Each structure stands twice: as C-alpha cells, then as structure tokens.
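One structure is given here, and the rest of the page talks about it.
Coordinate-derived values only; no laboratory data. It should be emphasised that the depicted structure is a prediction, and the values quoted were computed from it without experimental measurement. Positions of Cβ are backbone-derived with ideal geometry, glycine not excepted, and every protein chain shown enters the neighbour counts.
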Amino acid sequence: MNGIQVVLILGVSIICLYYLIRFRKTLLDMAVVISLTGTAILFILLPDLTNRIAFVLGVGRGADLLYYICILLFSFALLKLYARIRRLENQFTELVREDALKNAKQPDGHQ
C-alpha cells in the first residue's frame, strides 16, 4: 500500500464516520453510506479492478468510468437538493400565507 492509498482511505473513512455521526441515522442511509465507502476503499486498494470493469462496460480507463459515475451521482444529488429547496419554499409560502390571513386587519375607515 502506498502513501496516496493511505491518505484516500483515511479521507473516505473520516467522511463516512462524520456522516454517520452527524446526519441521518436510518438503516437505509447507513447501508448506502457504508456500501459506498466500502466500494471506494475497494477501488482504492485495487485500482486495476476499475480498469477491468471499465473494459467490460466499453469505457477506455477506470478513471474515466469513475468520472462518469461521479457525474451521475452529483447530478442525482443536485436534483434531490433542488427538489428539497422547492418543497421548503412551498411550505414557507403556505406558512406566510396562513399567518397573513390569520393576522389580517380591516383598513381604517372601512366598515
């Protein structure tokens, strides 16, 4: 094992632990994070494995395959975040609307 592998494995492990400690605790979330961490560590320890998988899938190099997978994962994350922001905006709009109607007053001089 060379130096960069140690650094990458430590980095991936720290990110996994931080996520598990700080954020979601559902079983599905933990399973996904742990499986992604395990896959990352496997690819770090066996870099030729990514080349073999890439060859089977018709991609030139393992690094290119990982790049394409990252693009897909980041796109998915971006869409999830966008959907969450839109949902929060709609909830906030409804709360403000309800509060405005509840606290509405008649203008002065009108009966």
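Could you give me the ³J(HN,Hα) list for region 43-48, computed from phi with Karplus coefficients 6.51, -1.76, 1.60 and θ = phi - 60°, whole Hz, x at Gly and Pro?
After applying 6.51 cos²θ - 1.76 cosθ + 1.60, I find 5, 5, 6, 10, x, 5 Hz.
How do Phe76, Phe55, Phe43 line up, fewest other C-beta atoms within 10 Å first?
In order of increasing Cβ crowding within 10 Å: Phe76, Phe55, Phe43.
Once the piece of chain linking Thr93 and Leu28 is laid out straight, how much longer is it, given 0.36 nm per residue of separation minus the C-alpha distance between them?
The Thr93-Leu28 span can extend by a further 20.3 nm.
Rounded to the nearest 0.05, what FRET efficiency is calculated for Leu57 and Leu101 with R0 set to 41 Å and r the Cβ-Cβ distance?
Working: r = 56 Å, r/R0 = 1.38.
Result of the calculation: an efficiency of 0.15.
Straight distance only, please: which lysines reach the Cα of Lys80 with their own Cα at less than 19 Å, same-chain residues fewer than 8 apart left out?
Straight-distance partners of Lys80: Lys25.
Taking a quarter of the surface of the Cα convex hull of the chain, what do you get in nm²?
The number I arrive at for the chain is 12.1 nm².
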